[in-house]
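To keep things clear, I will list the structure first and then write my remarks on it.
The values are calculated or read from the model by the stated rules, or taken from the named source; none is laboratory data. Keep in mind it's a predicted model, so treat the numbers as computed, not measured. Backbone-built Cβ (ideal geometry, glycine too); neighbour counts: all protein chains shown.
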C-alpha cells in the first residue's frame, strides 16, 4: 500500500507543476515568455539531430508516399494535360502583358517584385502534434532570417517565421488555424482575409461579403497589415463557395497551391515587415488658406458663357 | 539507477526525434501517430503508476516544448494522467496478453489526442473544430494500435535489462 500512496503524492505534485506551467505560459505574451526561451533552446539543440535523421529517412518516406500515389497517377496525368493546353493558350498573351507591366511599373516607381532577396532552406522537422502545422528549417538569424518573414516555395506561400535561433527557425504553415494573411483576388482585385483550417481547404473572408467570386479564382497575398507579406505571392485558388448567411459571412474554401505534406526545400523571403508610418506633424508656420468659394449660379438668371464656367456650360 | 535514468531519457528523446523527423513523412490521411504516448503507455504497463507518471510527465513536457501555440504543461498533464491510469490497471493485465497492449494503445491514443486538443481549445489557444479533433483522435488511435506491438516489444526488451528498483517498482 505504501507504493500506491507514493504514487498518489507524485500524481498530485506533477499535476500541480503542470498547472503552474500552463498558467505561466498562458499569461506570458506569445513568443516572449520564459518558457519560450526553453522552446528556442530545444529547437537549436534538436535541429541538427533532426536534420541528420531526416536526411536518412527522407528517401524511405518518398517511396512510401509514391506507392500511395500510384492509384491517382492516371487522373493526375489527365488533369495535367488539360492544364498544359490551358496554360499554353495563356502564355501567348504574356509577352505583351509583361512589357506593358514593366512600363507601368517604371511609371509608378514600384518596387520590383522579382527582386526579393531569399534564402533557400531545407525542412528538417515538423511539429510533434497533430494540431499544430509547423516546420523547422535549417537557416536562422545567421542567414538574416527574422521573425514574421514570409516563407515560400516554387508553388506559392508556405507560411511565416515564428521563432528564430542562430542556426534554425520555426515556420507556421499557412494551413495552421493560427495563420492569417491579407489577400487579394487576381481577377477582380477584391481583398479579404485568409485563415488556415488545419489541413485541407483554407477559409477566405472577403471584405465585401457580396464580392463576385468564381471557382478557380486565384488568391495572392496583399501587402496590408503592416506588410507582413510582400504583395503578390500566390496562395491558392477558390474551390468552394458557400451561401451568404444572414450575418453577411460565407464559407469560401481556398485550395492552397503548396502541397504541405511534401515540404522539402523552401525559401525565406528576406523582406522586413514595414515599420509603422511616422505620425504626420502639422507645421503651424504654414498658414492654411481656405479654398476659394465656388461661384454659385443664381437660379434667377441663366448661366452665360462669360460669367461663371459651370459644368454644363458649352464652349 | 543512473544507467536506467540515462536509458529512459535517451528513449524519450529518440522517440521525440522520430515523432518530428520521421513520422511526418509516414502519415495516414494527413495525421501521424503519437509515439511518445505509446512509449508512456508501454512504460506504465510494464512498471506501474509511478514510472508511468514520471515518464508521462517528462515525455509530455518535451512534446509541449516542441510545440508553439498550445500552452506548456497541457500535454504533460494529459500524458501523466495516461501513465497513471494505465499503471493502475497493470495488476489486472496478464504479462503475456496480446490484446491488452492493442486495446490500451487504441484507448490511450484516442483519449490522449482528444484530451490535449480539447484542453488547448478550452484555453482558447487554437481554432480547432470538433470534426478535426475527432478525425485526428480516431486516426491516431488506429495508427497507435498498428505500432503498439513494435513499441511495447522494444520498450519491454530494453527495460528488462535496466529494471526499476526499490520504491520505483510497481506496488
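Quick notes on this structure:
- All positions within the stretch A:168-194 that are within 13 Å of residue A:157 (Cβ to Cβ) and either without any contact (Cβ under 8 Å) to a residue 12 or more places away in the chain or within 12 Å of another protein chain (Cβ to nearest Cβ) (or both): A:171, A:172, A:173, A:175, A:176, A:179, A:180
- Within the stretch A:1-49, the set of residues being at the interface with another protein chain (Cβ under 7 Å from one of its Cβ atoms), out of contact with any strand residue (DSSP E or B) (no Cβ under 9 Å at 6 or more places or on another chain) and touching a residue at least 12 places away in the same chain (Cβ under 8 Å) comprises A:21, A:35.
- Among the residues of the stretch B:10-35, the ones that are within 14 Å of the chain's Cα centre (by Cα), more than 13 Å from residue B:147 (Cβ to Cβ) and touching a residue at least 12 places away in the same chain (Cβ under 8 Å) come to 4 in all.
- Qualifying residue in the stretch A:102-113 (condition: at pLDDT 75 or above, surrounded by 10 or more Cβ atoms within 10 Å (Cβ to Cβ) and within 21 Å of residue A:153 (Cβ to Cβ)): no
- Residue in the stretch A:215-229 that is modelled with pLDDT of 75 or more and more than 18 Å from the chain's Cα centre (by Cα) present: yes
- Qualifying residue in the stretch A:63-70 (condition: more than 14 Å from chain B (Cβ to nearest Cβ), at pLDDT below 75 and assigned to a helix (DSSP H, G or I)): yes
- Flag if residue A:198 is at pLDDT below 80 and within 26 Å of residue A:131 (Cα to Cα): yes
- Flag if residue B:113 is at the interface with chain A (Cβ under 9 Å from one of its Cβ atoms), in contact (Cβ under 8 Å) with a residue 60 or more places away in the chain, in contact with a helix residue (DSSP H, G or I) (Cβ under 6 Å, 6 or more places away or on another chain) and surrounded by 19 or more Cβ atoms within 10 Å (Cβ to Cβ): yes
- Under the condition of being closer than 13 Å to residue A:267 by Cα, over 8 Å from the mean Cα position of the chain (by Cα) and not in a loop (DSSP other than H, G, I, E, B), the residues counted in the stretch A:150-169 number 6.
- Search result, residues across the stretch B:97-133 that are part of a helix (DSSP H, G or I) and closer than 16 Å to residue B:60 by Cβ: B:108, B:109, B:111, B:112, B:113, B:114, B:115, B:116, B:117, B:118, B:119, B:120
- Residues that are modelled with pLDDT of 85 or more and touching a strand residue (DSSP E or B) at 6+ places or on another chain (Cβ under 7 Å) within the stretch A:124-142 comprise A:133, A:134, A:135, A:136, A:137, A:138, A:139, A:140, A:141, listed in sequence order.
- Output for the stretch A:128-163, where each listed residue is in contact (Cβ under 8 Å) with a residue 40 or more places away in the chain, buried (at least 23 other Cβ atoms within 10 Å of the Cβ), more than 20 Å from residue A:201 (Cα to Cα) and within 14 Å of chain B (Cβ to nearest Cβ): A:136, A:137
- Test: residue A:145 is in a loop (DSSP other than H, G, I, E, B) and at pLDDT 85 or above: yes
- Each residue in the stretch B:18-31 was checked for being within 7 Å of another protein chain (Cβ to nearest Cβ) and buried (at least 18 other Cβ atoms within 10 Å of the Cβ), and 8 pass.
- Odd one out for residue B:4 among (1) modelled with pLDDT of 85 or more; (2) within 16 Å of residue B:158 (Cα to Cα); (3) surrounded by fewer than 24 Cβ atoms within 10 Å (Cβ to Cβ): (1)
- Restricted to helices (runs of 4 or more DSSP H) entirely inside the stretch B:32-96, those with at least 3 residues that are within 7 Å of chain A (Cβ to nearest Cβ) are B:49-66, B:74-89.
- Residues that are facing chain A (nearest Cβ under 9 Å) and farther than 22 Å from residue B:110 by Cβ within the stretch B:8-17 comprise B:13, B:17, listed in sequence order.
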